[in-house]
Each structure stands twice: as structure tokens, then as C-alpha cells.
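Beneath this line is the structure, given in C-alpha cells, with notes to follow.
The values are calculated or read from the model by the stated rules, or taken from the named source; none is laboratory data. Because the structure is predicted, anything quoted here is derived from the model rather than measured. All Cβ positions, glycine included, derive from the backbone under ideal geometry; neighbour counts span all protein chains shown. Just so you know, the surface numbers come from the protein's heavy atoms only, side chains and all, with ligands and any DNA or RNA stripped out. Shrake-Rupley method; radii C 1.70, N 1.55, O 1.52, S 1.80 Å.
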Amino acid sequence: MRFFFRSKQFKVILSVLIALIAVSVIFSIIGSQLSPQANIVGTITAPFRSAVNGIWGGIEDFVSAYRDGNKLMLENAELEAELNDLREQLADYQQTQAENEFYKKYLKIAENNPDFKFTAATLISRDNDDPYRSFVINKGSLNGVSAYDPVITDAGLVGFVSQVGLTTSKVTTVLSPELSLGALDNRTNDSGIISGDLEIAKLGKTKFHNLARSCNVAVGDYVITSGEGIFPKGLLIGKIETIGNDKYNTSIYATVTPFADINELRQVMVITEFDGQGSVLGKAGE
């Protein structure tokens, strides 16, 4: 409100009002001194005084409306601040709930695998140029993370730690041909190798290859880690979607959709130690 009283607009209105009041007062004085003609002067000045009163009333209404509008604006600003505060509280609550749910699943996996040592981590960036969807987590060697440590969620295998810094690490996903691991059909126990392929990685799938033609794998079967190399036995990998013949040899292969949704990852677990932890398997194609 104080800004209005300092404005040019207010100064102009005030000047006009003072002039009108001054003229009205002069006419009133003249009218009182010329009492015989008071009725005549009053009659002459009545419209002018009525106009002055009207202008004054309009100014009062304008000032009142301005004051009420300014008050409403302040109230709206306060309400907006309260709303923003509630939004922040809701976001914090939802994040806390998600973290609590994550740690419940973390503890369940730990209970089922007492030989596992974990480090929980959060995804902090993605490599948008990588067709295999690698990403960076907020844990590194200072947190006990080492190269080739398996990375999982409660849903299943995500990949492995391919590069380690002090406080961050890069994770190569199960979609990548850089990852090569022994795997089993959970139903039939048929064995093969899981390794990524560019064409099917575009569809968010990986490849289960080197399967014998005599195998009994079927669409819908679950694929798990066999326990060879850097991955512990029994980790869920994904579900078989299709089966085909490998044109380069006499084996067959299957496409597998990972249970862990690589595109929606927010939090993961790094397995830093487990019983029977072995060496790195050769990369695909070697």
C-alpha cells in the first residue's frame, strides 16, 4: 500500500482533489458572506460540490479496493507458501516411504542370503549414449565397492560394477555384451550363457545362448545365475520370451526380459562379498 501513496498516480489524484476542495471551500465562504444571495450561490455550487463529493467517494472506493487487493495478494502469497511447504513435506514423505520399502526388501534378501555383504546405492546419472543403459551410482571404493561386484534389486540381477571411483561407480547392465555369465533355466536346469546383444537390447532384452538343441527350455521359464564367476548362484535374471536357432552354430538361444526394470531403476544393492566369489568370466565373443 505504501508504494501506491508514493506513486505519480496518487500525487496527481491528490493534487486534483486538493484543488477541488479548495474551490469548494472558496464557494462556501463566498456563499456565507453573501447571505442574501446564499441560496443562489448554493444553487450554483451544488452541482460542483456534488461532483467533488462523487470524486472523493470514488477515490475512497479506489483506495479501499487497492488496499483490499493488496491484502488479498499477500494472503494468496502466504497460501502459496504454505502449499509449497506441504508439497515438499509430501515429497519427503513419499521418498521416505520408498526408502523404507527398499530397505525392507534389502533386509529380506539379506536374511535369505546370510553370506552376502551389501552396499545400498542410489542411481545418480545415466549414460544416454549407451544403448545398453549403463549408469552411475553414488557409492565407490570408500564404501567397499570393487570392480566386478554384482548389482541387483529385489526383483533380480541388474549387472556388475565396471568402473570404480572413490565415491561413485559405473554399472554395466545385463543388457550389455560386456557382461557374460553362466545361467540356468530354473525349471529344466538347462545351462547356457547370458550376454547382451545390440538388436535385442533396443527392446530391453538380453540373450540366453549356447543352449543345446536337446534342451527343454520353454517360453515363460525363469532364468537364474548358475553361480559361476562373479555372480552368486540363484539370482533371478529374467523370463524367457522367445526361442530361436543360432545361425552361427548348432545351438539355440532364447531372448530374456530382465525382471529388474533397467529404465526405472532408482536404488540398487551392490553385493560386495559372498561365499564362493570367483573370477571374471571372459567377455562375450572372446
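Of note:
- The range 106-245 - percent of accessible surface contributed by carbon and sulfur, probe 1.4 Å: 47
- Rolling a 1.4 Å probe across the protein heavy atoms gives the range 163-286 an accessible surface of 48 Å² per residue.
- Which of VAL256, ILE194, GLY234, positive extreme of dipole for the range 179-286 (C-beta unit charges): VAL256
- Area projected by the alpha carbon convex hull of the range 172-286, averaged over all directions, nm²: 7.3
- Cross-link table LYS139/LYS202; LYS207/LYS233; LYS207/LYS247; LYS117/LYS239; LYS170/LYS247, entries beyond 23 Å C-alpha to C-alpha: LYS139/LYS202; LYS117/LYS239; LYS170/LYS247
- For the range 113-215, the gyration tensor built on C-alpha atoms gives an oblate shape. Its axis ratio a/c (a ≥ b ≥ c) is at least 1.5, and a/b is not larger than b/c.
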